[in-house]
1. Output the residues belonging to the range 249-282 that are open to solvent by less than 40 Å² (accessible area, probe 1.4 Å) and modelled with pLDDT of 90 or more.
2. Just checking, does the range 31-53 include any residue being in contact with a His (Cβ under 8 Å, 6 or more places away or on another chain) and assigned to a helix (DSSP H, G or I)?
3. For the range 77-95, how many residues are under 15 Å from PHE270 (Cα atoms) and β-branched (Val, Ile, Thr)?
4. Here is a check on your reading of the model: is ILE237 at pLDDT 85 or above, in a helix (DSSP H, G or I) and out of contact with any helix residue (DSSP H, G or I) (no Cβ under 9 Å at 6 or more places or on another chain)?
5. Filter the range 188-221 for residues that are modelled with pLDDT of 85 or more and either surrounded by fewer than 17 Cβ atoms within 10 Å (Cβ to Cβ) or among the β-branched types (Val, Ile, Thr) (or both) and give the result.
6. Restricting the first residue to the range 136-157 and requiring it to be more than 19 Å from LYS207 (Cβ to Cβ), which pairs with a second residue that is in a helix (DSSP H, G or I) and among the small types (Gly, Ala, Ser) meet a Cβ separation below 7 Å and a spacing of at least six or different chains?
Amino acid sequence: MAETTSASVSSPTAGDSNWRENKLWKGTFAVAGIMLTLVTYGVLQEKIMRVPYGVNKDYFKYSLFLVFCNRITTSAVSAGALLASKKALDPVAPIYKYCLVSVSNILTTSCQYEALKYVSFPVQTLAKCAKMIPVMVWGTAIMQNRYRETDYLLALVVTLGCSVFILYPAGTDISPYGRGRENTVWGVLLMLGYLGCDGFTSTFQDKMFKGYNMEIHNQIFYTTLSSCILSLTGLIIQGHLLPAVEFVYIHKDCFFDIALLSTVATASQFFISYTIRTFGALTFATIMTTRQLVSILLSCVWFAHPLSWQQWIGAVIVFGAIYAKSFLRKAPEKTTSVEHVQNGNGNSNNLENP
């Protein structure tokens, strides 16, 4: 009897140890995957839009072409995922709803790339933290969501930190496209456009998920397919398709950068989905916040962006508020909170705008 009792006591301990070790490896895999893909995405994004190519120092100016390349890659992968899982490719929602998400997503991504001509990547990345406010506004208008007072307070603090970071740049950080400091009115307007469109995109996608029995790859496929058609149409109308193709043909290193950008953007979606499914949205939010911090620091070192002391204060305010929210939150709960706002509702927004 004593031996039986001893065995029964030791068995759960061994199982516990295996479970922890398994969880540790899964956590390492998730963090490494997100960090590697999205930090690489951020570096490539800034390199393509702000660093000249070739001996003539030519700048790549066709942001809609980047949208097209990203979307066609993601569309192909999501179609493959649907076929591999033997799920139907038929649209679940009316096509116009996919197109509406697609239009707002194209505007979001175009503003994101265009803004890099006027603001540095650190400014752009930190400004993304302020998307809580537009998502809360759209969430109230479209979904009739109600948010807690602490969520509004956090949004206010994060917006304050972002404002400090944007309004007090180091005087030596000059945009290659602008004549003055990088915090030009046009750059700030592009970031406001990004935040507004991004907030609408994530909120409307969330509404589609809740309104229809929709697989995530189904929405990604039709949204990105619509984005491919619309961005290609936009390139043709603007007369930018052939110049963009000619540019990447002449500058082979730019072609490699764009191909790698589209690849890591698509690959990141696997790690995002895996992390949310395995560890939940709260862990994902903390990893993404850390990723943003690492991206900013890496960009400052790699592209020699100086930060003023006011910007350091703004960054501390933003990341301090976000981390405080993550660590002080008691238990995961299915309520509308700023964590959903932070992640673009924890679903599809991350699948299209890393």
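1. Matches in the range 249-282: HIS251, CYS254, ASP257, ILE258, LEU261, SER262, VAL264.
2. So in the range 31-53, the residues in contact with a His (Cβ under 8 Å, 6 or more places away or on another chain) come out as 53.
From the residues that got through so far, the ones that are assigned to a helix (DSSP H, G or I) too are none.
Checking the range 31-53: not a single residue is in contact with a His (Cβ under 8 Å, 6 or more places away or on another chain) and assigned to a helix (DSSP H, G or I).
3. Selection size over the range 77-95: 1.
4. Working: at pLDDT 85 or above: yes; in a helix (DSSP H, G or I): yes; out of contact with any helix residue (DSSP H, G or I) (no Cβ under 9 Å at 6 or more places or on another chain): yes.
So ILE237 passes the test.
5. Across the range 188-221, the qualifying residues are LEU189, LEU192.
6. Every condition considered, the pairs that remain are LEU154/ALA321; VAL157/ALA321.
The values are calculated or read from the model by the stated rules, or taken from the named source; none is laboratory data. No experiment lies behind these values; they were computed from the predicted model shown. All Cβ positions, even for glycine, are placed from backbone atoms using ideal geometry, and neighbour counts span all protein chains on display. Accessible surface areas use protein heavy atoms only, side chains included; no ligands, DNA or RNA. Shrake-Rupley method; radii C 1.70, N 1.55, O 1.52, S 1.80 Å.
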